[in-house]
Amino acid sequence: MTNAYKIEVDSSRKLFMVTVGGSFQISDAGGLAMAFLMEGSKIQSQTSEYTFVADLSKLENVEPSLLDMLEQAFKMYSSIGFKKLYVIESKSATTRQQIREAAEKMNFGGEFVSNMDEIA
C-alpha cells in the first residue's frame, strides 16, 4: 500500500481524521507518522477541542512485524489530549482482532465503532 492513508483536519466539525486502507506495510509507517505530525501541528494548541477518528474500515491486514508500532500508535493517540477518541473498525475479522488487542495492551481510552454515524 503506497500512500493509502489520509489525514484530514476538519476545523468546522473539530475532527482530526486518520484513514488507512489496504494492506498496511512497514514502508507505509514512516510516511503516516510524518503526515500525522505535520497535520497535528496545525491544531497543537487546540487538541483538547478535537475528536480523533481513525477510520480503519478498509484496512485489510496488518503485517505481524507492525503490531508493536500499532500498539505505540494507540499509546500516542491516547496521550495527545484529544477530546474524544474513536476507531472505526476494519471489516476484516482478523484485522479487527489485531487492532483491538493492540489497543487493549496500551489501555487505549477510545471507543470502537462500526461506522462514522456512530460518532457523536
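The values are calculated or read from the model by the stated rules, or taken from the named source; none is laboratory data. Note that the structure is predicted; figures quoted are calculated from it, not measured. All Cβ positions, even for glycine, are placed from backbone atoms using ideal geometry, and neighbour counts span all protein chains on display. Side chains included, ligands, DNA and RNA excluded: accessible areas come from the protein's heavy atoms. Shrake-Rupley method; radii C 1.70, N 1.55, O 1.52, S 1.80 Å.
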query: Of the residues that sit in segment 1-46 and are out of contact with any strand residue (DSSP E or B) (no Cβ under 8 Å at 6 or more places or on another chain) and β-branched (V, I, T), which one is least open to solvent (accessible area, probe 1.4 Å)?
result: I26
field: Count of residues meeting criterion [part of a loop (DSSP other than H, G, I, E, B) and not polar (S, T, N, Q)] in segment 1-33
entry: 4
- request: With the checklist (1) over 15 Å from M76 (Cβ atoms); (2) part of a helix (DSSP H, G or I); (3) of a type in the set (G, A, S); (4) touching a Leu at 6+ places or on another chain (Cβ under 9 Å) in hand, flag the one item S45 doesn't pass.
  value: (4)
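Restricting to segment 67-100, and then to whatever is assigned to a helix (DSSP H, G or I) and more than 14 Å from the chain's Cα centre (by Cα), can you tell me which residue is surrounded by the fewest Cβ atoms within 10 Å (Cβ to Cβ)?
Applying the first criterion (assigned to a helix (DSSP H, G or I)) to segment 67-100 yields 67-79, 93-100.
Adding the requirement that they be more than 14 Å from the chain's Cα centre (by Cα) leaves 68, 93-94, 97.
Values: D68: 11, A93: 9, T94: 11, Q97: 12.
The extreme case among them is A93.
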